[in-house]
Amino acid sequence: MTDAEARRRFATADIAHLATAGADGRPHLVPIGFALARDTIYSAVDHKPKRTTALKRLANVVENRHVAVLADHYEQDWRRLWWVRADGSARVLGTEDDEARTAVALLAERYPQYGERPPAGPVLAIDVERWTGWSAS
């Protein structure tokens, strides 16, 4: 699968799964809503119920910037299966950052819920260094 095809398929996924690890090397995997702008993936801490906005994924990125994000498609017709992994370096953006405001606008275009109530927490920016993908057909 070419980088362009991997990027195209990734962009069509409703959600992805973010893998981070802290300084201790322990993996942490969570589903994320995201927006893709060229080779940068954005996700934000939103209003859905959480114990805190100081999320483990953000703390992990501060300790270890290396992340992986996986998007996939599954259905009973296995000829239509595919997955795409984006490996890269992540950054935590504060809400006052211009890039964070752009990211929130992209997320609001993608998810109507964010149009009604934009994320107010930090934004995670993942600069993709490598696209890897597979498809059954």
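May I ask which residue of 2, 30, 71 lies farthest towards the positive end of the charge dipole of the stretch 1-112, with charges of +1 (Lys, Arg) and -1 (Asp, Glu) on Cβ and the Cα centre as origin? The Cα lying farthest towards the positive end belongs to 30. Of the residues 83, 134, 78, ranked by 1.4 Å probe accessible area with the largest first, the sequence reads 78, 134, 83.
Starting from the residue with the highest accessible area, list 102, 132 in decreasing order, probe 1.4 Å.
102, 132
Using only side-chain charges placed at the Cβ, +1 for Lys and Arg and -1 for Asp and Glu, the dipole size of the stretch 2-86 relative to its Cα centre rounds to 180 debye.
For the chain, what does -39500 (n - 2.57) per DSSP helix run (n ≥ 4), summed and divided by total residues, give at 222 nm, in deg cm²/dmol to the nearest 500?
-7500 deg cm²/dmol
Tilt of helix 3-12 relative to the longest C-alpha principal axis of the chain, in degrees (0 to 90, nearest 10)? Roughly 70 degrees, rounded to the nearest 10. With a Förster radius of 30 Å applied to the C-beta separation of residue 37 and residue 64, the computed FRET efficiency comes to 0.80. Put a plus charge on the Cβ of each Lys and Arg, a minus charge on the Cβ of each Asp and Glu, and nothing anywhere else: the dipole of the stretch 47-137 about its Cα centre is then about 380 debye. Taking only the C-alpha atoms of the chain, the Rg (one decimal) and the largest Cα-Cα distance, Dmax (whole number), read 14.9, 45 Å.
Just read off the accessible area of residue 15 with the full protein assembly in place, 1.4 Å probe, to the nearest 10 Å². Number for this one is 80 Å².
At a 1.4 Å probe, what is the % contribution of carbon and sulfur to the accessible area of the chain?
Its accessible area is 52 percent carbon and sulfur atoms.
Over the chain, accessible surface divided per residue gives 58 Å², non-protein components excluded, 1.4 Å probe.
The values are calculated or read from the model by the stated rules, or taken from the named source; none is laboratory data. None of these values were measured; they are calculated from a predicted model. Counting neighbours? That spans all protein chains shown, and the Cβs are built from the backbone with ideal geometry, glycine included. Ligands, DNA and RNA are stripped out before the accessible areas are found, and what is left, the full protein with its side chains, is counted by its heavy atoms. Shrake-Rupley method; radii C 1.70, N 1.55, O 1.52, S 1.80 Å.
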